[in-house]
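Worksheet for the structure shown next.
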Amino acid sequence: MDPEQVDEFVMGYLKKKGFNSAAKHLQESLHNNNGSSFSSIDYPNDPELTKLIRSFSQSENDPSRYREGYSKLRSWGYNSLDLYKHELLRVMYPVFIHCYMDLVGKGHTQEARSFFNSFRKDHEMVHLRDLQKLGGVLAPSHLQEMEFARSLRQSKINIKICQYSYDLLIQYLHRTESTLMLGIINEHINFQVYSGQPNSASDDIEAVTIVGSFHETADHVNQKEIHWGLLEDSLEDRLEKTGGLLSDSEKGQGESKAGDDSKKRSAEIGKQGSSTKKLKKDKAGTATTKVARQETSTVLSSMPRVKPELAMPVMSTDVEESILEDLRNRVQLSSVAMPSVSFYTFVNTHNGLNSSSISHDGSLVAGGFSDSSIKVWDMAKIGQAGSCALQDDNNQIVGKNGRRNYTLLVGHSGPVYSATFSPPGDYVLSSSADTTIRLWSTKLNANLVCYKGHNHTVWDAQFSPFGHYFASCSHDRTARIWSMDRMQPLRMMAGHLSDVDCVQWHPNCNYIATGSSDKTVRLWDVQTGECVRIFIGHRSMVLSLAMSPDGRYMASGDEDGTIMMWDLSTARCITPLMGHNSCVWTLSYSGEGSLLASGSADCTVKLWDVSSSTKLTKAEEKNGNSNRLRSIRTFPTKSTPVHALRFSRRNLLFAAGAVSKHSS
Amino acid sequence: ELWKGEEKMSIVPKETIEVIAQSIGITNLSPEAALMLAPDVEYRVREIMQEAIKCMRHSKRTTLTASDVDGALNLRNLEPIYGFGSGGPIRFRKAIGHRDLFYTDDREVDFKDVIEAPLPKAPLDTEIVCHWLAIEGVQPAIPENAPLEVIRAPAENQIYQQKDGPLIDIRLPVKHVLSKELQLYFQKIAELTMSKSNPSLFKEALVSLASDSGLHPLVPYFTNFIADEVSRGLNDFLLLFNLMHVVRSLLQNPHIHIEPYLHQLMPSVVTCLVSRKLGNRFADNHWDLRDFTANLVALICKRFGNTYVTLQSRLTKTLVNALLDPKKALTQHYGAIQGLAALGHNVVRLLVLSNLEPYLSLLEPELDAEKQKNQMKSYEAWRVYGALLRAAGLCIHDRLKIFPNLPSPSPSLLNKGKGKVINTEPNKRKLSVDSSENRSPRKRLIATDGSDGGPSPMQVDRPTGDANPPQNSVHPSSSEQASGGNAPESRNAKENQGSKGRTITRKAILDQIWKDDLDSGRLLVKLHQLYGDRILPFIPSTEMSLFL
């Protein structure tokens, strides 16, 4: 290579990159020296360097290089050895999207579009939602504007890959001199190389993870300590102490046991978050010696206890008594003892029912409608009227004596997206597109408070398990904690990258979980407002959340019909529950946590056996056999998507949904 | 090849931008600007749709509506687009002369029509209906629940439970408990059947009976109800008719297993077919009821004939006894004939035609207007005569159809003279197959073959059947069809084309007909003797031409 040529290359490169002053200086020095300024470098003898310089000098703006480079890499990947193929193909998606974004960023809209359409089929299976989003990006300004694109640009993708695959890839890139691809891979992919044989294709849930400005923090966040134990002196505890158990001997045993345990636990609260090993031992020791019924209660009581971080409302003795009575009469459910399911079907909703919920005892049903109204039915009354309904259809249209048989709550000025009951059923909390949350009294049938604070549509609002406090989440990407007596929110949780779509309280009231359109679920400390867990794994918008009664697990359902069961302490997914093929609108744990019920847009209620997992995972996690969770029953409805599910305290399952016309 | 068809920058064509610009009053938009705007428009539209999908999800729906788009615009603090309700899909029409131009199909509404139109019904108010989706994990078979796959047999259930290990829960036999909903449903249906006052509602009830799942527990109640009411209400024509409709709906319902109750059902049905008196008024058209029931009987035999081998034989026995008993009323004879006719032509040939001559001689005095002064009686006699004629005609029609098709004057065939000559050979082969089949008529008698569309073996075997529409379409009921006029035509057509091959075939068929041990030819002659020209319309034109 001639020295002059090198100078030309350098000049061209500097100009192209916009280093005009440097170019000018170079020009001047070239004139002054009248010779090459780079003669000190021994470039002719360094072929690598020559190659590199050459590649820089190529017109970088040629958009077809992306297509060429990618399609070469792609065909190489698909033709590679089967053993390493799946690992090598993991590289394709990041390279693909970054090629596309590079092209868009450089203004080659047309090429970008054709490149995208040519290869999108390869990735649609897994990344359909992202591709739909990215497909709309057509101008450099869009890249800046769209958060998703921006975060992709800023973050790196972690790919686990075995040593040999890695070597293969690097060799290929060098051999074919595809510097462009190499550049993209270097810039956006972070390889985690491990020695040994490549992993099987199936367990690649964690093989590809996105890290970056926010994702990097996820790991860090998930290290934080959380106390998922139930509250001290919870009603379950009190039930045991007051002799809820059957025989006297059992009672005494249980009492002493519970007493001992809770004392022990309260001393250990501080360490509990990180050290669960001790707990396992304890549980294993106690659980094996007990009979089934005893077992569940001792398991509960052997769980760690925590102090409430919020000032808890005082429960009236009446309410307490009735709850205790319910707990005493609770039916024990398991995979062989199934619950009864009572289904409330909304008819004539005219496509206007946005949400529905059922009170704890199933006596009240509320619906939030798109015409801004909330309707509350008292099922005790309907039960009588319902029989008449079938007898004379004509009268039923108007209801008895022309009176409608529900309570109409009017006040919102936008579609109502949630309407939920307080635990005793005396209040209804509703949230709406008019950015407000309203509190209604079911006794007075009137609006009590209108809470303003969110800047956008409030998607969901949920009372805490003990009432008084409630949490809300909104399109403005925040979740907020409120108390009934304050007009302003107490805490504001910000961090989600997209709408916060659903919110759920932890049974001990110290945490809330939020599910978002950014496909993550987060757990927040109510006292500090900090994010303490980020659960990554869903592939689409998270629609529903449920917490296990022992506070250890969480289930979340998404738009694709996947349900994920999470261990709160490790932030790991125990196993995805596959079975639904459409949106999972609602999830509910049975009273003692052995069953999980899920309701979906595919018009089914499914029951999942989750007790086996909670008991066995610890032992089986090591054996790699974590697929213990299984669907044990599917109840199809006629053509009613299931909007809401609720296990009563006595373990009767209530379900609600609106008949959808198109399938009938 | 991937590059092809990708010229467009955006899925929004530049023309669209220009049209929109014009519509908002910008006339001087340069093409470059339009081209630049197109990708941005696409991006914004995608953005809105993404938000709209969010709104859809939060409205717990899986179909996007116009209101979701309004919601999305609202989220973006944009003015919603007015005028698009969520009523139904918007219909687009293609603009004539333009390839890609569409417009919404807005009907012009006359103010007068709007003003004069009656007020629409108030929309039904939202209600909640409650039912058990499952009771202790088992879905009850009630109409509110989705149909169960199979009503599981108890044996299977036990095996399943044993597999489960030590946890066998033995269920004691429980009293048959009907849910309240089912009871109400039954009451309602019974009322509707009895009341006769609301035919439209009754029709809907029938549809529900024929399609709803979860009705199985009610079947014994319905069969009882039908049996009781038929025996009690023989004078009530409408009631009987309603009851038969209920029977038919029950038979149609795919979720009901009615076989175990057939024995209870059949007597009532047969009663409605051959009872002396059905209804007490002159105006009651009991003939229709008998026709309807005859079809019902045939339906039952067809569906359950295989599982209950004796079903049809017992039925035919009853019917023949009714027919051959001269003491029975003519109305009963009519019912019997219709019932037998509905069971297919083999039944007719064996049981009716064999007794045709003596029966007709009995009937003759009744038919004669001079001898039978009672007009009512005479009318009945003519009805019976008509039914007999129809049965015989159908029978002979079907018999003749067995024989290989003769070239008919169908235009499609006329055009292809070549193909037809070739056709003759397979015809011959078919002939032998058919005749061998004909020798075992008893076998086919049990396997019911109806004239109403059942897959009879002959029809399946015939490859040329499809090419011969005129023959198949000669429906006996439309016997007035001018088949007499067709006959000479077809003859002409044949003579024009008369080739050697065809003459041979025709001869062969003719031979076959006369040799046939079933005496098709003689049968025809006999029928002709008995009925005179009245039988002729039933005979397919081409076959007719053979005999003429």
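The label point for B:Lys277 and the one for B:Ala122, both projected 7 Å from the Cα toward the Cβ, are 5.0 nm apart. Between the residues A:His174, A:Leu89, A:Gly136, the greatest Cα displacement towards the positive end of the dipole of the stretch A:79-174, with unit charges on the Cβ of Lys, Arg, Asp and Glu, is found for A:Gly136.
One chain, two ends: A:Asn186 and A:Leu497. Fully extended at 0.36 nm per residue, the span grows by 109.4 nm beyond their Cα-Cα distance. With a cut-off of 19 Å on the backbone N, the residues of the stretch B:333-355 near the modelled label site 7 Å out from B:Leu367 along Cα-Cβ are B:333-338, B:341, B:349, B:352-355. Qualifying chymotrypsin sites (Phe, Trp or Tyr not before Pro) in the stretch B:20-103, where qualification requires a DSSP coil assignment and no more than 15 other C-beta atoms within 10 Å, comprise B:Tyr82, B:Phe84.
Just check the stretch A:494-551 against the gyration tensor rule for me: Cα atoms, a ≥ b ≥ c as the square roots of the eigenvalues, rounded for a/c under 1.5, and otherwise prolate or oblate depending on whether a/b exceeds b/c. Note, shape of the stretch A:494-551 comes out oblate. Anisotropy class assigned to the stretch A:64-153 is prolate, per the alpha carbon gyration tensor with a/c at or over the 1.5 cut-off and a/b larger than b/c.
Just to verify a number: FRET efficiency for A:Gln27 and A:Gln154, C-beta to C-beta distance, R0 = 25 Å, to 0.05?
In this case the efficiency is close to 0.10.
Peptide A:134-142 is shielded by partner chain Cβ atoms: per residue, an average of 5 of them sit within 10 Å of its Cβ.
So how far apart, in nm, are the two label points at A:Arg328 and A:His123 if each is 7 Å from Cα heading toward Cβ? Result: 6.2 nm between the two label points. Could you work out how far apart the two model spin labels at A:Lys452 and B:Gln22 are, taking each label as a point 7 Å from the Cα in the direction of the beta carbon, and quote it in nm? Modelled inter-label distance: 4.6 nm.
With a cut-off of at most 10 other beta carbons within 10 Å, and DSSP calling the residue loop, which trypsin sites (Lys or Arg not before Pro) in the stretch B:309-360 qualify? Please list them. Intermediate values should be presented prior to the final figure.
Numbers: sites: B:Arg314, B:Lys317, B:Lys327, B:Lys328, B:Arg349; in loops: B:Lys327, B:Lys328.
Of the trypsin sites (Lys or Arg not before Pro), the ones in loops of the stretch B:309-360 whose Cβ has at most 10 other Cβ atoms within 10 Å are B:Lys327.
Can you work out the FRET efficiency for the pair B:Leu64 and A:Leu490, with r the C-beta to C-beta distance and R0 = 30 Å, to the nearest 0.05? Walk me through the numbers before you get to the answer.
Values: r = 37 Å, r/R0 = 1.23.
The computed FRET efficiency comes out at 0.25.
Note on A:Ser582/B:Arg91: beta-carbon distance plugged into 1/(1 + (r/R0)^6) with R0 of 35 Å gives a FRET efficiency of 0.80.
Decide, for the stretch A:140-183, between rounded, prolate and oblate: order the square roots of the alpha carbon gyration tensor eigenvalues as a ≥ b ≥ c, take rounded if a/c falls under 1.5, and otherwise choose prolate if a/b is larger than b/c, else oblate.
Details: a/c = 6.30, a/b = 1.95, b/c = 3.24.
Oblate, since a/c reaches 1.5 and b/c is not below a/b.
What is the sum of charges around A:Ser474, taking Lys and Arg as +1, Asp and Glu as -1, for the other residues whose C-beta is under 11 Å from the C-beta of A:Ser474?
On the way: positive: A:Arg477, A:Arg480; negative: A:Asp460, A:Asp476, A:Asp499, A:Asp501.
With Lys, Arg at +1 and Asp, Glu at -1, the neighbours total -2.
None of the figures in this text is laboratory data; all of them are computed from the coordinates on show. Since the structure is predicted, the reported quantities are computational estimates derived from the model, not experimental observations. Cβ sites come from the backbone with ideal geometry, for glycine too, and all protein chains shown count toward neighbours.
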